[in-house]
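Undergrad: Before anything else, here's the structure in question.
Read-outs throughout are calculated quantities, based only on the coordinates presented, and are distinct from any laboratory measurement. None of the values given here were measured: they were computed from a predicted structure. Every residue, glycine as well, gets a Cβ built from its backbone with ideal geometry; the counts of neighbours run over all protein chains shown.
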Amino acid sequence: MFQLQTDLEKLRGEFKVEEKYVDYSIQQLDSIKAAFQEQAETAKAAGWFVAAISALVRPGVTWALFFMYASVKTAALVIAFQTSANWVDVVTKVWDEDDFALFNMCVSFWFVGRSIEKYQKS
């Protein structure tokens, strides 16, 4: 009987922890929602031009970083080929594990992560 009561109290404690976690998660989501609403109101109040510039910041930074990365990789390939290096060695050394990890992360974000988000919303 004592063992059953102990197990019951453990379960109650675990449920209370889960309830606190859910409450905390709900508060976080409410805070994020309020921040987005405030951002939307600020963008509307600022006018269409400022809102358009604000909307282009993240994509602009993303494209700038992409083109810088591609330029560095292209320059490495060009310099390697100008020194008459073996093309197999050049390609395998320019594209390493870090590049593959970066590529994997981008593909996961754009194709896998977005699909999961859409599935969770519906």
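Undergrad: Against the conditions (1) surrounded by 10 or more Cβ atoms within 10 Å (Cβ to Cβ); (2) outside any helix (DSSP H, G or I), where does Val72 fall short? Just the number, please.
TA: It fails just one condition, (2).
Undergrad: When you scan region 49-58, do you find a residue that is surrounded by fewer than 11 Cβ atoms within 10 Å (Cβ to Cβ), within 30 Å of Phe103 (Cβ to Cβ) and under 28 Å from the mean Cα position of the chain (by Cα), even just one?
TA: yes
Undergrad: Search region 30-48 for residues being of a type in the set (A, V, I, L, M) and surrounded by 10 or more Cβ atoms within 10 Å (Cβ to Cβ), and hand back the single one that is nearest to the chain's Cα centre (by Cα).
TA: Restricting to residues being of a type in the set (A, V, I, L, M) and surrounded by 10 or more Cβ atoms within 10 Å (Cβ to Cβ), the top hit is Ile32.
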